[in-house]
């Protein structure tokens, strides 16, 4: 069709094309905003988790090495302290999963691994916090209370991320925005 042929199209066709174009631009911008909001929510969650991991490493693991010796040399040190070495693999796994998810925070497989690592990490913390056989708390109350406060903060940040991911997922599943999501290869995000 020539340029003259395009100009001769009825005004209704031009209006329809203009409406579709404006709709597509608006829908695309909405998807981008929701995607960016989800990535930002993940970044805030990750920074909070990293801060809490650093606190645990300094307060629990570092002090554990100083007081109880290294895992390779358990003969040295004060055996009255709990064995906090169960945290080391959980912390390492959690940190590695966070690093991987940071590269693509909307990847379902990476978020699934991160979610599992977070669960293992929390279970290790609970095991450390559990009372010993005599019913004596393993850690000072101040450390236990601080951890409980951090866990509440973490759950709040997880909830914010999950809500952002849910809004994003709903948007890319709606017709006709699903067409734009398909064209631009937007995939659903997984909740943590």
query = Do we find that residue 124 is surrounded by 11 or more Cβ atoms within 10 Å (Cβ to Cβ), under 30 Å from residue 186 (Cβ atoms) and at pLDDT 75 or above in this structure?
reply = no
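Table: residues versus (1) surrounded by fewer than 18 Cβ atoms within 10 Å (Cβ to Cβ); (2) assigned to a helix (DSSP H, G or I); (3) modelled with pLDDT under 75.
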position	(1), (2), (3)
132	yes, no, yes
136	yes, no, yes
142	yes, yes, yes
147	no, yes, no
151	yes, yes, no
156	yes, yes, no
163	yes, yes, no
ask   = Inside the stretch 173-187, can you point out the residues that are assigned to a loop (DSSP other than H, G, I, E, B), in contact (Cβ under 8 Å) with a residue 60 or more places away in the chain and under 12 Å from residue 27 (Cβ atoms)?
value = 176, 184, 186
query = If only one of 83, 8, 78 is farther than 30 Å from residue 177 by Cβ, surrounded by 12 or more Cβ atoms within 10 Å (Cβ to Cβ) and at pLDDT below 90, which one is it?
reply = 83
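The values are calculated or read from the model by the stated rules, or taken from the named source; none is laboratory data. Here the structure is a predicted model, which means the values were calculated and not measured. Cβ: placed from backbone, ideal geometry, glycine included. Neighbour counts: every protein chain shown.
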